[in-house]
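Have a look at the structure below, then the notes.
The values are calculated or read from the model by the stated rules, or taken from the named source; none is laboratory data. All values derive from a computational prediction rather than experimental measurement. Methodologically, a virtual Cβ is constructed for each residue, glycine included, from the backbone with ideal geometry; neighbour enumeration extends over all protein chains shown. The area values use the complete protein model at the heavy-atom level, side chains included, leaving out ligands, DNA and RNA. Shrake-Rupley method; radii C 1.70, N 1.55, O 1.52, S 1.80 Å.
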Amino acid sequence: MPEFIVAPETVDAVRQVQLPLLAALLLLGAAAKILSRSEGSGLAVLLSARLRRPAAFGTGVVELALAVGLLVLTGPWGTAARLGTAALFAGSVVVLVLVRRRDPEAGCGCFGGLSRTPIGGRTLARAGLLAAAALATLGLAPDGWEVATAPTAAHGWVLGVELLLLALLSPELRDVGSRALASEPCELREVSPRRTRARLRSSDVWRTNRPVLLAEEPEDEWRHGCWRFQRFDGMRHGRRVDVVFAVRVGGRRRTSVRAVLVDRESGAVAASFGTVTTHELVGPPRRLRSPVEAARLDAARIDAERAAETLRAAREHPAAHAPAEHPGGAGVPAQGAGEHDARDSDAGRQPAGG
């Protein structure tokens, strides 16, 4: 039976490629965890709400440190970075198993918000493969940066085969492709509050209405469809107003921020879409009207407008004008009325039987 013999150069190439490859994956994972606000996947499922964000941030920092160690460290420190990487991926296998038992619908959180697909066998196999790859780098003389800056042909084809294998084991690539081919509706799109705040405060609408605000932080915030709303307390012309900003999820930056100022007492709109009105606000400042009272007042206003319109139309209709009168005060007889009177008078003077 023929024996399959692998050349030592190929084995060295396989081991060396793992250093820059693992470093790149760790850097991507660290950036996703540090920058992303997704807290419903991975390790976060096993922690309380107040610990989820610090845990994700801390994991990202550890991954960043290990990535730098794989790229630039050799000797004992390099060995420590490689052992730490192997321990990280091996520990992630255990964590992913526990997460899948706790919440079968949760994602692994390996790359932040991109890892939404429920944890399956491929995700576990990928973590185990990366742990073995980190162990294979133990004892290598060069660091990851030397391998990345001086690649050989063997490094190239080994890297291509491993990238293909990782692509088959990574559900994130399929999710990214699906989102690129079919755009996600804005109603379902996740946007972090920090990004919403940055878009709002870089807009002309914010700069126009900033002098009206009494505080930098909103009193209330909510999401409805494609818009995120923030309500601020404000003062305009000595009147208390509610300043409500609406920030669209996605869309063009120039048209994605709107605002409205509402007097707290009368409910009159003092500003719309960032353009301040010239009308003075009336009425003393009080609490906001209840929804039932506001709806009743709106219905009364609409009825009054309709009545005024009906009265105006009635006054302009020709049939509504009164007949003209002579200067003496006698009304002008209708056409043909005099002729009938004359005929009746003549008929009365004729003798009977004539």
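Looking across LEU70, LEU43, one residue alone is in contact (Cβ under 8 Å) with a residue 40 or more places away in the chain, in contact with a Lys or Arg (Cβ under 9 Å, 6 or more places away or on another chain), closer than 20 Å to LEU124 by Cβ and part of a helix (DSSP H, G or I). It is LEU43. Screening VAL276 against (1) closer than 23 Å to ARG199 by Cβ; (2) of a type in the set (A, V, I, L, M); (3) at pLDDT 60 or above leaves a single unmet condition, (3). Scanning region 106-142 for residues that are in a loop (DSSP other than H, G, I, E, B), open to solvent by less than 20 Å² (accessible area, probe 1.4 Å), within 25 Å of ARG53 (Cβ to Cβ) and in contact (Cβ under 8 Å) with a residue 60 or more places away in the chain turns up ALA106, CYS108, GLY109, SER115. Taking the conditions exactly as written (surrounded by 15 or more Cβ atoms within 10 Å (Cβ to Cβ) and in a helix (DSSP H, G or I)), does ARG100 satisfy them or not? When the stated conditions are applied, ARG100 passes them. If you filter region 38-77 down to residues that are of a type in the set (D, E, K, R) and in contact with a helix residue (DSSP H, G or I) (Cβ under 7 Å, 6 or more places away or on another chain), you find that the one that is least open to solvent (accessible area, probe 1.4 Å) is GLU63.
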